[in-house]
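What follows is a short report on a single structure.
The values are calculated or read from the model by the stated rules, or taken from the named source; none is laboratory data. Owing to the predicted nature of the structure, the values given are computational and were not obtained by experimental measurement. Using ideal geometry, Cβ is built from the backbone for each residue, glycine included, and neighbour counts are taken over all protein chains shown.
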Amino acid sequence: MIATDSKVLLSLRGVKAFYGNIAALKGVDLDIREGEIAALIGSNGAGKSTLMMTIFGDPRAREGVISFDGRDITSMPTHAIARLGLAQSPEGRRIFPRMTVFENLQIGAAIGDPRYFDASLERVYAIFPRLKERSGQSGGALSGGEQQMLAIARALMNRPRLLMLDEPSLGLAPLVVKQIFEAIADLNRREGLTVFLVEQNAYHALKLADRAYVMVNGLITLSGPGRDLLAMPEIRAAYLEGGR
Ligand SMILES: Nc1ncnc2c1ncn2[C@@H]1O[C@H](COP(=O)(O)OP(=O)(O)O)[C@@H](O)[C@H]1O
Ligand SMILES: [Mg+2]
């Protein structure tokens, strides 16, 4: 969905974050507009996951401002940030392996309005029918692709306004990656859900993204429509060869 003139939902200005004395984010500026798919690509260790976690307040931004829907969230506790309508599927999925699929989804809905639980459950089961079939199985018994679907579904249970996904394609077979990216595109197209996609495997992310950002060593070095970046030889050389 092209949303160049819609309002900015998430904005970062001059954001710096550190691990001890080591700067992982060195002054990040970034805007995500309502209704768009934004992608952040970059090599391993660039600071992509740190950026996602810093938006949720862990680690805290030591400098700069993060705002969501016009509200300054830079110093807000993580649970309060989640209540505003941000949800994330973290890198490595981190579902609860001993709990069933259904129980994982219940936990995802914990901060949401209980009146919407049934509708939210139906919605995620419609997006990922496999999860419905496996609702009574333990999370640990699922395939990698199904675990990724569960991680995304769990994030959706709170009906977020911004869904942030950290490397949803990591370690998955190409066909499964395609399914997951189609589900993300569908959510955006049909429901207008705003998505922030962090990916090392840049091809699908750039193809999908209305706006993409490239991160190198804790800084944004380039941004533009995903397809424009996809066409740039230096981007192809750095992030695509072998990355498809
Ligand atoms: N918990 C941590 N403690 C110390 N350094 C970390 C920690 N997590 C990440 N880093 C370092 O911060 C930098 C950015 O890491 P990360 O955000 O995970 O990058 P990416 O997600 O782009 O691969 C790397 O140099 C990494 O080694
Ligand atoms: Mg990462």
### Query
Can Ala17 be described as touching a Pro at 6+ places or on another chain (Cβ under 6 Å), in contact (Cβ under 8 Å) with a residue 12 or more places away in the chain and surrounded by 15 or more Cβ atoms within 10 Å (Cβ to Cβ)?
yes
#### Entry: In segment 26-67, the residues that are of a type in the set (D, E, K, R) and either surrounded by 20 or more Cβ atoms within 10 Å (Cβ to Cβ) or in contact with a Ser or Thr (Cβ under 9 Å, 6 or more places away or on another chain) (or both)
Asp29, Asp31, Arg33, Glu34, Glu36, Lys48, Asp58, Arg60
### Query
Of (1) more than 15 Å from ligand 1 (Cβ to nearest atom); (2) assigned to a helix (DSSP H, G or I), Leu51 satisfies all except one. Which?
(1)
### Task
Could you please let me know if Asp5 is more than 21 Å from Val216 (Cα to Cα), in a loop (DSSP other than H, G, I, E, B), modelled with pLDDT under 95 and acidic (Asp, Glu)?
yes
### Task
Select the strands (runs of 3 or more DSSP E) contained entirely in segment 174-244, then report the ones holding at least 3 residues which are in contact (Cβ under 8 Å) with a residue 60 or more places away in the chain and on the phi > 0 side of the Ramachandran plot.
none
### Summary
All conditions in (1) surrounded by fewer than 16 Cβ atoms within 10 Å (Cβ to Cβ); (2) farther than 21 Å from Phe196 by Cβ; (3) β-branched (Val, Ile, Thr) are true of Thr78 except (2)
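Condition check ((1) of a type outside the set (Ser, Thr, Tyr); (2) within 14 Å of ligand 2 (Cβ to nearest atom); (3) within 14 Å of Tyr213 (Cβ to Cβ); (4) at pLDDT below 95) across all residues:
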{"residue": "Met1", "(1), (2), (3), (4)": "yes, no, no, yes"}
{"residue": "Ile22", "(1), (2), (3), (4)": "yes, no, no, no"}
{"residue": "Leu25", "(1), (2), (3), (4)": "yes, yes, yes, no"}
{"residue": "Glu34", "(1), (2), (3), (4)": "yes, no, no, no"}
{"residue": "Leu40", "(1), (2), (3), (4)": "yes, yes, yes, no"}
{"residue": "Lys48", "(1), (2), (3), (4)": "yes, yes, yes, no"}
{"residue": "Leu51", "(1), (2), (3), (4)": "yes, yes, yes, no"}
{"residue": "Gly64", "(1), (2), (3), (4)": "yes, no, no, no"}
{"residue": "Asp69", "(1), (2), (3), (4)": "yes, no, no, no"}
### Message
The conditions are (1) within 14 Å of ligand 1 (Cβ to nearest atom); (2) part of a loop (DSSP other than H, G, I, E, B); (3) among the β-branched types (Val, Ile, Thr), and Thr74 fails exactly one of them. Which is it?
### Response
(1)
### Task
Please enumerate the residues belonging to segment 91-123 that are surrounded by 18 or more Cβ atoms within 10 Å (Cβ to Cβ) and within 19 Å of Asp166 (Cα to Cα).
Glu91, Arg93, Ile95, Asn104, Leu105, Gly108
### Task
With a cut-off of at least 1 residues that are under 22 Å from Ile81 (Cβ atoms), name the helices (runs of 4 or more DSSP H) lying wholly within segment 109-170.
117-127, 144-156
